[in-house]
Amino acid sequence: MHKVIYDTDPGVDDAMALLFLHRHPEIDLIGITTIFGNASIETTTRNALFLKQEWNIAAPVAKGANVTIDPSRHERPWPTFVHGDNGLGNMPGVPDKIDLPVDPRPAHRFIIETVRANPGEVTLVAVGRMTNLALALQEDPEIAGLVKAVVIMGGNFYVPGNVSPVAEANIHGDPEAADIVMTAPWKVVVIGLDVTAITTMSRSYMRDMAEKGDKAVKQLDELSQFYIDFYKHAVEDGMMVHDSCAAVYVVAPELFTTITGGVRVVCGGIADGQTVIKPDGRRFPPGDWDGLPSQIVATGIESDKVLSLIRETLLRA
Ligand code: BDR
Ligand code: CA
């Protein structure tokens, strides 16, 4: 069993990954921590609580950061054109407030205390900005040695970005936090656009799952329609299932090809938020990648098998 804390900014693709983590038989979802990004922290936390309630998820929800780790960074408008005004693709019927308790701790402290209570056992699956993870490391650096693995959706190495020519949204949203996470002495697996942008689910594949699935899968289909429309420019009648790729890695790493090396994040300038790996074995003059932990970066994926595993898992009601 993989004990997972899911750090998320729901978010349409976040919602699919949440259902995957909830339904996969080898995953024990022990916490959901929220982060701002696809919408404000109030909205992403409300959405996490909404999905928890609708899908009967036992894991507690802890509310996370609402500003970047360097608070002097300017916030841009929420990407409502991607995830809708309510963060769930403008799905109707999402109440303003959900009548469920939120964990009293801020997300980063929830992470620290849960990791300390389960030493060596917790996998952090982080699919939004890395702010909560960086705050946890700053407050308690020893957790790096107590976490089993950190699997993140973010970054891009040998393909273009999606919010700038060189940067991906989750990393670009808080580059300083991402650099802290990548360079800490824990095992990070980076599932970036190199693999998620080629893992696309068509509208008809989603619809077919909805027809065979229960209420939760039908809701996923409903809330995905706006997001599929957004992807018109890049995908033929379908959507990139970014966050689910990170969730799938936890149980099926054999579906990915990877390289290893030190990873840094560019902070500032025209390449703000760019992720750069120094592949192990390549020699360069002394520089900013020296002495870093060797992290795992996905460069290839068996997309069809990933989609099949998502389908099979979501249909396990
Ligand atoms: C990432 O950004 C968000 O819009 C998605 O939820 C995903 O985590 C893709 O760049
Ligand atoms: Ca996300």
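The values are calculated or read from the model by the stated rules, or taken from the named source; none is laboratory data. Owing to the predicted nature of the structure, the values given are computational and were not obtained by experimental measurement. Cβ sites come from the backbone with ideal geometry, for glycine too, and all protein chains shown count toward neighbours.
Here's a check for you: in the range 199-214, which residue that is free of Cβ contacts under 8 Å to residues at least 40 places away in the same chain and among the small types (Gly, Ala, Ser) is farthest from MET16 (Cα to Cα)?
Result: SER204.
Exactly one condition in (1) crowded, with 24+ Cβ neighbours inside 10 Å; (2) at pLDDT below 95 is not met by ALA234; state its number.
Failing condition for ALA234: (1).
Where residues in the range 202-223 are of a type in the set (A, V, I, L, M, F, W, C) and touching a Lys or Arg at 6+ places or on another chain (Cβ under 9 Å), which of them is nearest to PRO92 (Cα to Cα)?
Taking the range 202-223 first, the residues of a type in the set (A, V, I, L, M, F, W, C) are 206, 209-210, 216-217, 220, 223.
Okay, now just the ones that are also touching a Lys or Arg at 6+ places or on another chain (Cβ under 9 Å), so 209-210, 216.
Details: MET209: 20, ALA210: 17, ALA216: 14 Å.
Among residues in the range 202-223 that are of a type in the set (A, V, I, L, M, F, W, C) and touching a Lys or Arg at 6+ places or on another chain (Cβ under 9 Å), the one nearest to PRO92 (Cα to Cα) is ALA216.
Working carefully through the options ALA126, ALA136, ALA107, ALA59, find the one that is within 24 Å of VAL250 (Cβ to Cβ), at pLDDT 95 or above and touching a Ser or Thr at 6+ places or on another chain (Cβ under 7 Å).
ALA107
If you scan the range 275-305, which residues turn out to be within 17 Å of ILE259 (Cβ to Cβ) and either assigned to a helix (DSSP H, G or I) or polar (S, T, N, Q) (or both)?
At the first step, the residues of the range 275-305 found to be within 17 Å of ILE259 (Cβ to Cβ) are 275-284, 289, 292-302.
Residues satisfying the conditions are THR275, SER294, GLN295, THR299.
Quick check on my filter: what residues within the range 123-174 are without any contact (Cβ under 8 Å) to a residue 40 or more places away in the chain and within 16 Å of ligand 2 (Cβ to nearest atom)?
VAL150, ASN162
For the range 8-33, which residues satisfy the criterion of being crowded, with 24+ Cβ neighbours inside 10 Å, of a type in the set (Val, Ile, Thr) and touching a residue at least 40 places away in the same chain (Cβ under 8 Å)?
THR8, VAL12, THR33
When VAL235 is evaluated against the numbered criteria (1) more than 18 Å from the chain's Cα centre (by Cα); (2) assigned to a helix (DSSP H, G or I), which criterion, by number, is the only one it fails?
Here VAL235 meets the rest and fails (2).
Taking GLY120, is it assigned to a loop (DSSP other than H, G, I, E, B), surrounded by fewer than 24 Cβ atoms within 10 Å (Cβ to Cβ), free of Cβ contacts under 8 Å to residues at least 24 places away in the same chain and on the phi > 0 side of the Ramachandran plot?
Values: assigned to a loop (DSSP other than H, G, I, E, B): yes; surrounded by fewer than 24 Cβ atoms within 10 Å (Cβ to Cβ): yes; free of Cβ contacts under 8 Å to residues at least 24 places away in the same chain: no; on the phi > 0 side of the Ramachandran plot: yes.
Spelling it out, it is not the case that GLY120 is assigned to a loop (DSSP other than H, G, I, E, B), surrounded by fewer than 24 Cβ atoms within 10 Å (Cβ to Cβ), free of Cβ contacts under 8 Å to residues at least 24 places away in the same chain and on the phi > 0 side of the Ramachandran plot.
Being surrounded by fewer than 22 Cβ atoms within 10 Å (Cβ to Cβ), under 15 Å from the mean Cα position of the chain (by Cα) and at pLDDT 95 or above is the requirement here; does ALA178 meet it?
no
From THR313, THR258, which residue is among the polar types (S, T, N, Q) and in a strand (DSSP E or B)?
On the way: THR313 fails: in a strand (DSSP E or B).
Residue meeting the stated conditions: THR258.
Report yes if some residue within the range 111-122 is modelled with pLDDT of 95 or more, within 18 Å of the chain's Cα centre (by Cα) and within 16 Å of ligand 2 (Cβ to nearest atom); otherwise report no.
no
Any idea how many residues of the range 1-60 are hydroxyl-bearing (Ser, Thr, Tyr) and either within 11 Å of ligand 1 (Cβ to nearest atom) or part of a strand (DSSP E or B) (or both)?
Looking only at that region, the number is 5.
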